[in-house]
Amino acid sequence: KTDEIDVAELKRRIASGETNVLDVRRAEEWQAGHLKTATNIAHTRLASRLAEVPKNKPLAIHCLGGGRSAYAAAFLERHGFKVANVAGGFGAWEKAGGDVVR
């Protein structure tokens, strides 16, 4: 079972420097707003761009609401990555007042 974290835990992990954030939304969604520290690779492109996924720390993975990131997290786990899915995704991050780059 894939770990799942909430936005408060994501904020804590970002502040401590213990995680990389992977945003698996489409490029248009990313450009409309994203977390400053995130890397963007759409969930549909993960297989072909696996070498670009940061490997130096565990990953916190998010999409807009949590569905695509759950798929991406499971895929990456099968490829040996340590991951956590962010419950509620970017929508929850924004609602909680998280910093957003636009």
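Numbers below:
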quantity	calculated
Restricting region 62-101 to residues that are more than 14 Å from Arg25 (Cβ to Cβ) and among the charged types (D, E, K, R), the residue that is most open to solvent (accessible area, probe 1.4 Å)	Lys95
Selected residue (criterion: farthest from Asn40 (Cα to Cα)) from residues of region 56-94 that are out of contact with any helix residue (DSSP H, G or I) (no Cβ under 8 Å at 6 or more places or on another chain) and charged (D, E, K, R)	Arg78
Members of region 80-93 found to be closer than 13 Å to Thr2 by Cα and of a type outside the set (S, T, N, Q), listed by number	Gly80, Phe81, Lys82, Val83, Ala84, Val86, Ala87
Hey, Thr44 at pLDDT below 95 and not small (Gly, Ala, Ser) or not	no
Residue match in region 35-49 (condition: under 17 Å from Thr2 (Cα atoms), open to solvent by less than 30 Å² (accessible area, probe 1.4 Å) and under 10 Å from the mean Cα position of the chain (by Cα))	no
Pair list, Cβ under 9 Å, 6 or more apart: region 13-28 residue touching a residue at least 12 places away in the same chain (Cβ under 8 Å), other residue of a type in the set (Ser, Thr, Tyr) and open to solvent by 60 Å² or more (accessible area, probe 1.4 Å)	Ile14/Thr37; Thr19/Thr37; Asn20/Thr37; Val21/Thr37; Val24/Thr44; Val24/Tyr71; Arg26/Thr44
Subset of region 1-29 [modelled with pLDDT of 95 or more, open to solvent by 80 Å² or more (accessible area, probe 1.4 Å) and farther than 18 Å from Cys63 by Cβ]	Arg12, Ala15
Pairs with Cβ under 9 Å, 6+ apart, first in region 78-97 and farther than 22 Å from Val53 by Cα, second of a type in the set (Asp, Glu)	Ala92/Asp6; Ala96/Asp6
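The values are calculated or read from the model by the stated rules, or taken from the named source; none is laboratory data. Quantities reported herein were computed from a predicted structural model and do not represent experimental measurements. With ideal geometry, Cβ positions are generated from the backbone for all residues, glycine too; neighbour counts draw on all protein chains shown. What goes into the accessible areas is simple: the full protein's heavy atoms, side chains included, and nothing from ligands, DNA or RNA. Shrake-Rupley method; radii C 1.70, N 1.55, O 1.52, S 1.80 Å.
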